[in-house]
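Heads up, the thing below is written out as C-alpha cells.
The values are calculated or read from the model by the stated rules, or taken from the named source; none is laboratory data. In this text the structure is predicted, and so the values were computed from the model without any measurement. Neighbour counts run over all protein chains shown; Cβ positions are idealised from the backbone, glycine included.
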Amino acid sequence: MKNKIIIILGALFLMCHLGMGQDLLINQGHRSENGLWCFPLLSDTTQYLYLPADAALVMEDSLPKFSFMRYILEKPSTEASSSALSQADGGGILHFLVQYDTPKGMIQQAEEELRETYENEDIKIRGPVVFKKARYTVISSIVNEDNVRTNRYLTSGEAPVLEGSKIALAFEMDPIKSKLLMESLKMTTSDISVAFELTFEGISDHFEASMEVDWNEVKNSQSFGGKANVYVVSAEVEAGFEKLRKNNNIRLDIRGSNTKMEALIQVVYDKLLTLMFEPVIKDDVPKEDNSNSEDFITDAVTGLFETDGALGSGNILGFGLSAHYKQKDINFQGTGTMDFTGRFPSERNHFLTFNLGNLYQEYGQDSLIFRDVPMWDPAFQQRAVYVGIDGSLEREFEDMIEGVTVWIKKQHANDDITLKDVFVNKDKFSESEGRIPIIYLNHGDTDLDQWMNYEYKTIWNFTGGAKFTTAYKPDASSMINLYTPFKRKAIELEGDLDELTQADIKVTKVKIEYDFFGETQSHDVKIRQGDALDEKSFEITLPNDQDEINYTITWFKKDGSRMEKQGTDQYGLIFIDDLPE
Amino acid sequence: MKNIIILTIISLCLVISVGQSNAQDELTILIPTPKDSLEVRLFKGETLPSGAIPYNYLPLHLRLSERDEYHEFSFFSYSGDNGEIKGSILHFLLVWGLDNEQRSYINQFLTKEVDSLAFLNRSIANCISDDHLISITSDNELGEMLGNSLNSQSGIAYQEGTKSAMSFKLNAETTLRMQQELEQPEAIKNIWLTVNMECSTPKGEIIQIELKDNLYHIFNPIIISKNH
C-alpha cells in the first residue's frame, strides 16, 4: 500500500518571501566583467538590482574628507634633566568620512553586458540592493585598543543600509600612536582599513523535492527504540533521521538547481517530526524512563557529536538539543511519498573593504588634510602669581599679625581690569605649603611682555586692631614675597645715676611714643638709684620706614619738684642725665 | 555525473583533467603554477539565450589583494630612543578567486576543449560562511605568536574579488622573527590562513570549501620583491 501525502510548501515559502519586498533571486547573480554583481527579481527577471561595488573615503572638491591633526602640548618637566630637549605632551585626532557606492559608469557597463548576454533589450538595472542591515568595522592595530582579539569588531557600528550615505569616524590617540599612524599613512597600505558588512535577503531558486519514506523500516527503527511511546530528546530524533536517510529508509529526491540543501532537509525533518513525534514537557516524562535523567540526556547528546557519532559532522538542523518528544504510534504502512515545492528565503552578506592607502604622499603637504598644531595660544593662557611668605613673617603670625590681604590689579590691553585678592593667615599659609596662587587670564593681551606686568598692594591686620595698607606697586615677577612691614628696635637708656643722686633726683621717668601704622604706641620706665640701666631699655616695633620716636624724660626731686624734657631720637639712645638748665 | 570521464591533457608543464564530452555539468581543471597546480572545479550554469554556456567555479585561491599594481601589504617596525625595536604593525588585505590571468587561461581552455560557446562566468553564488572570519593555524611558535598578535580583521565575503583586511600588532620578539621570515621564509610555510565556506552545487550537493593557504604562498609576491 502506498500512501501519497502531498505537502505543498511552495505557497508558504513564497508568502514568506513576498513579505520581504525585494524578491531577489539570490542564486542567479551575474558578475559583470567590471566586477559588479547584479541579481534579477523573481517578479520580473528583466529587472536587476546590483550590489554596491566600491567603498572609499568621501571626496569633495577633489579632496578626501579626511583630516589628521596632531597637537603638541607643553608638558611640565617632572624630572631633573641635563638635556635641553624633552618630550612634549599631545596626541592626534583622526577624522574621516566613508561611504559605499557604485560608479554610474560601472552600472551602465553591467547593464549593457546583461542585455548582450541574455539578448534582451528590456533588461534594466533598477538600483542598488536594499540591505537588511549594515555594519562598518575599522581594522587597525593603531587606532583600535590593544588586545581586542577577543572582540575583533571593537571599532564598529551600524552603517547606512543605502549606498551613498556617509558615515563619519573619529579617533583620538596618544602621541606614540599619532606618530605610528603618521608613518603608516606614508605607506602604500596603511594600517587603517574600513569594512562594510552588508546583509541582504533574497530567495532561492525554485525546487521540487520528493521524500519517500519506508514506514515499516521507520517504525521498527532502533534509532527511536523500535516501539511507540518511547521518550527521546531532539538530538536523538535528528540523529535517527540522519541514520534512516543514510540507510535509504528515507529517500530524498531533489529537482531544481542550487537548492539550499540544508534548509530543505530541515523542512523535511520538521515534517517527519510532526508525523512521528509529539512534544512533551520534560516533567511529564516518567521517572522510570532513563531519558528523563539529566545524565542520560548529556550522554546521549555528547555521543551523537563524537567523531563517529550520528551527528559527527557537526550538523544541527534546527532542532534544539534537549527538547523532549514522545514517539507516536505510527499507523502508516508501506512506502509513503511527500512532495515539497517552492523557494526558500535566504540571507547573504556582502563585504566591502578598502584601505586608506598612502594619503600622506598625495596630501601630506596640504594643511587641510594633515596638520601639526602647537596648542600654545595666548588666548588660553593664564598667569599665576604666587604669594610667598618670608620666614620672619611666618613667626609674626603667632604674635603681631592676624593676617594679610594681597590684592592684584591687572589692567588688560582691552581695558578690562582684573582685580583679585587673597587673604593669608597662619592657617592658610600652612595649608598652601607656601604657594598661594593668584591667577589672571588673557584679555586681548597680545603683547605678552606687557601681559606679565601687574600691580599689587597688601593690607596688613595687626593684633590689637592696627591696619596697614600699602600703595599699589608695579611688578612683573611670578612671586610676590611678603616681608614683615615692621622692625624691632631697642631704645637704650644711658646716664650717670650718681650724678642724678647728687642733684637730689629721686626717680627718673622715661616715656617714649611712636606711631605704629596709625596707632600711637607709648611705653615708659622709671629709674631709681641702684637700678641697672641696661635692664631698663625699650624693645619696640616700628614700621620699616620709620626710625624716630618721641620721648619725654621727667625727673622727680626729693623735695617734690620735677623737671621735664622732650625730644626725638632716631638712634635708639636716650641720655637720662642731661638735666635741663 | 554518470558520463563524466576525466581527460588528461599534458602539454609542456600543463596538466588538465576534464570530461571527454563537451559542455559537461562539472569539470576540473588544473592550472599550472610555478611549483604546483591550482585545481579549479567548474559547474555548468543555465545556457544563455545566445547559446553561450556559463561555467561557475568553487571558491579558491586566497591571496593578497592588489591596488594600483601594488599588493596591499605593509609591515613596519618601530623603535625606541635607543634604536631597539619595540614592535611592528602588519596589515594586509586578502581576496579570493581567479585572477585575470587564470580567468583568461580557463576561458581559452573552455572554448578550445569544451565548447566554443563555453565561458567562465563567476564563482558559485550559493555559498555561505558561518562567521566570515579568517583563522590562523600553525604547528610552530611563530604561528602562535602571530595569532596572538591579531588585533582586528574584517570578514570575508562569498563573492569573489571582495577584500578582507587583517591587522596585527607585533611585539619586539615577533617583529624580529617576522623580519627574518620575510628574508628567509621557513616557519611561515607552516602558518595557514583558512576560511571555511559551504557551497551548494547546481545539483544541490553540499561541498565544504576550505580556502586555505600558507603565509609563504600568500606573502610570496612581497618576499620576491623584497629579495630582488
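Just a few scattered comments:
- Restricting attention to region A:161-182 and to residues that are part of a helix (DSSP H, G or I) and within 27 Å of A:Asp54 (Cβ to Cβ), the residue that is nearest to the other protein chains (Cβ to nearest Cβ) turns out to be A:Leu181.
- Among the residues of region A:513-548, the ones that are part of a strand (DSSP E or B) and either without any contact (Cβ under 8 Å) to a residue 60 or more places away in the chain or farther than 28 Å from A:Asp399 by Cα (or both) come to 18 in all.
- Criterion (touching a helix residue (DSSP H, G or I) at 6+ places or on another chain (Cβ under 7 Å) and either away from chain B (no Cβ under 14 Å) or among the hydroxyl-bearing types (Ser, Thr, Tyr) (or both)) met by exactly one of A:Ile142, A:Ile125: A:Ile125
- Search result, residues across region A:85-105 that are surrounded by 18 or more Cβ atoms within 10 Å (Cβ to Cβ) and within 14 Å of chain B (Cβ to nearest Cβ): A:Val98, A:Tyr100, A:Thr102
- Scan region A:468-486 for residues that are part of a strand (DSSP E or B) and out of contact with any Asp or Glu (no Cβ under 9 Å at 6 or more places or on another chain) and the total you get is 4.
- Scanning region B:161-203 for residues that are facing chain A (nearest Cβ under 7 Å) and either without any contact (Cβ under 8 Å) to a residue 40 or more places away in the chain or assigned to a loop (DSSP other than H, G, I, E, B) (or both) yields B:Gly161, B:Thr162, B:Lys163, B:Pro202.
- Within region A:436-467, the set of residues being of a type in the set (A, V, I, L, M), without any contact (Cβ under 8 Å) to a residue 60 or more places away in the chain and part of a loop (DSSP other than H, G, I, E, B) comprises A:Ala466 only.
- Among the residues of region B:124-157, those that are over 17 Å from B:Trp192 (Cβ atoms), at the interface with chain A (Cβ under 7 Å from one of its Cβ atoms) and either buried (at least 22 other Cβ atoms within 10 Å of the Cβ) or at pLDDT 85 or above (or both) comprise B:Ala125, B:Asn126, B:Asn151, B:Ser152, B:Ser154, B:Gly155, B:Ala157.
- Note on region B:64-89: residues that are surrounded by 19 or more Cβ atoms within 10 Å (Cβ to Cβ) and either hydroxyl-bearing (Ser, Thr, Tyr) or under 30 Å from B:Gly204 (Cβ atoms) (or both) amount to 3.
- Count of residues meeting criterion [of a type in the set (A, V, I, L, M), assigned to a strand (DSSP E or B) and away from chain B (no Cβ under 12 Å)] in region A:204-219: 2
- Considering residues of region A:498-532 that are among the hydrophobic types (A, V, I, L, M, F, W, C), surrounded by 13 or more Cβ atoms within 10 Å (Cβ to Cβ) and within 19 Å of A:Gly572 (Cα to Cα) only, the residue farthest from the chain's Cα centre (by Cα): A:Ile527
- B:Phe109 being part of a strand (DSSP E or B) and modelled with pLDDT of 90 or more: no
- Of all the criteria given as (1) among the small types (Gly, Ala, Ser); (2) facing chain A (nearest Cβ under 10 Å); (3) touching a residue at least 12 places away in the same chain (Cβ under 8 Å), the one not satisfied by B:Ser37 is (2).
- Considering residues of region B:40-55 that are in contact with a helix residue (DSSP H, G or I) (Cβ under 8 Å, 6 or more places away or on another chain) and within 10 Å of another protein chain (Cβ to nearest Cβ) only, the residue nearest to B:Gly204 (Cα to Cα): B:Leu48
- Extreme residue, nearest to A:Glu197 (Cα to Cα), among residues of region A:44-71 that are part of a strand (DSSP E or B) and of a type in the set (Asp, Glu): A:Asp54
- Filter result (acidic (Asp, Glu) and part of a helix (DSSP H, G or I)) within region B:112-149: B:Glu113, B:Glu141, B:Glu144
- Any hit, region A:3-23, residues being in contact with a Gly (Cβ under 6 Å, 6 or more places away or on another chain), surrounded by 12 or more Cβ atoms within 10 Å (Cβ to Cβ) and modelled with pLDDT of 90 or more: no
- Checking each residue of region B:110-123 against the condition of being aliphatic (A, V, I, L, M), surrounded by fewer than 20 Cβ atoms within 10 Å (Cβ to Cβ) and farther than 21 Å from B:Thr201 by Cβ gives at least one match.
- Counting only strands (runs of 3 or more DSSP E) wholly contained in region B:42-102, the ones carrying 1 or more residues that are touching a residue at least 40 places away in the same chain (Cβ under 8 Å) and small (Gly, Ala, Ser) occupy B:73-79, B:85-95.
- Residue ID - nearest to B:Phe92 (Cα to Cα), chosen from residues in region A:130-139 that are in contact with a Gly (Cβ under 9 Å, 6 or more places away or on another chain) and within 12 Å of chain B (Cβ to nearest Cβ): A:Thr137
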